[in-house]
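Worksheet: one structure, shown below.
The values are calculated or read from the model by the stated rules, or taken from the named source; none is laboratory data. Keep in mind the model is a prediction, meaning the values are calculated, not measured. Every residue, glycine as well, gets a Cβ built from its backbone with ideal geometry; the counts of neighbours run over all protein chains shown.
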Amino acid sequence: MIKTGIIGAMELEVEELKKEMAVTAIIRKAGMDFHEGSLNGTPVVIVRCGIGKVNAALCVQILIDEFKVSHVINTGVAGSLNAGLDIGDILISRDAIHHDMDVRVFGYRLGEVPQMGFREFKADEKLMDLAKKACEKVNPDIHVMYGRVVSGDQFISSKEVKEHLIAEFQGDCAEMEGASIAHGAYLNNTPFVIIRAISDKADDSAEMDYPTFESAAARHSAALVKEMLKELGA
Ligand code: ADE
């Protein structure tokens, strides 16, 4: 059975979706409120996981173990690392990397979790395709593209760090949860996609832009997820 787990790090990122869902139960675990029910006719569990990679990893495991979700969508905002991605645009993950994993001293590539043999967690192609089509339908004026999400427990707000993330990972956007959700989904053989609307440029202007644009960006991402659910349930 199709059951979609939807994770946002902040309330802003899930509040629109929660308002519109029919809630059958709210279950609290690990300090997170899992809202179970349906949205656009399809079973969902919507949850705010809190900021950062540990919260995100715990959340995805609970969604899979306790709520038996069949796949996971992460909605939210991100800083752009790609000159072609402006504030308000949307990035759909092709893959995700932990940018703060560094075991180079033992011969691993920067970003590679030791002994995994790769550093990119690949998103599900069907979910990617559904997300892009849903975006073109509900947000026709918004530029949407596939790309690479790089995640770490760090808000990126300097040109130097941004350049490092581009040079080392060819990242398209930076945020703080996606790779953990991808990693958890991978370990549990669960398809995932990350959808992020750009709230800032992850450089010296990020501190100013982020508070100004986060709300509109989060709404764009949520509108896309809502539309996607129609197709997933069909
Ligand atoms: N989320 C939104 N903007 C971000 C940034 N610049 N760095 C990390 N996470 C973000």
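Observations on the model:
- Scope the range 10-44; condition closer than 23 Å to Ala217 by Cα, touching a helix residue (DSSP H, G or I) at 6+ places or on another chain (Cβ under 9 Å) and in a loop (DSSP other than H, G, I, E, B); matching residues: Met10, Asn40
- Single residue of Gly111, Gly184, Gly171 found to be in contact (Cβ under 8 Å) with a residue 24 or more places away in the chain and on the phi > 0 side of the Ramachandran plot: Gly111
- Among the residues of the range 123-154, those identified as in contact (Cβ under 8 Å) with a residue 60 or more places away in the chain and not aliphatic (A, V, I, L, M) are Asp124, Lys126, Lys133, Cys135, Lys137, Asn139, Gly147, Ser151, Gly152, Asp153.
Listed here are the residues, each with its yes/no results for (1) of a type outside the set (Gly, Ala, Ser); (2) assigned to a helix (DSSP H, G or I).
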site	(1), (2)
Ile46	yes, no
Gly50	no, no
Ala57	no, yes
Asn82	yes, no
Ala96	no, no
Asp100	yes, no
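- Residues satisfying the stated conditions in the range 54-91, i.e. closer than 20 Å to Glu160 by Cα and hydroxyl-bearing (Ser, Thr, Tyr): Ser80
- Qualifying helices (runs of 4 or more DSSP H) (wholly inside the range 110-214; at least 1 residues being more than 19 Å from Asp89 (Cβ to Cβ) and within 16 Å of the ligand (Cβ to nearest atom)): 159-169, 178-187
- Looking only at the range 43-75, residues that are within 13 Å of the ligand (Cβ to nearest atom) and touching a Ser or Thr at 6+ places or on another chain (Cβ under 6 Å) come to 3 in all.
- Flag: Ala218 matches the condition of being of a type in the set (A, V, I, L, M, F, W, C) and part of a helix (DSSP H, G or I).
- Subset tally (residues that are within 21 Å of Asp95 (Cβ to Cβ) and part of a helix (DSSP H, G or I)) for the range 59-78: 5
- Lone qualifier among Ala185, Ala202 - being under 19 Å from Cys59 (Cβ atoms), modelled with pLDDT of 95 or more and crowded, with 16+ Cβ neighbours inside 10 Å: Ala185
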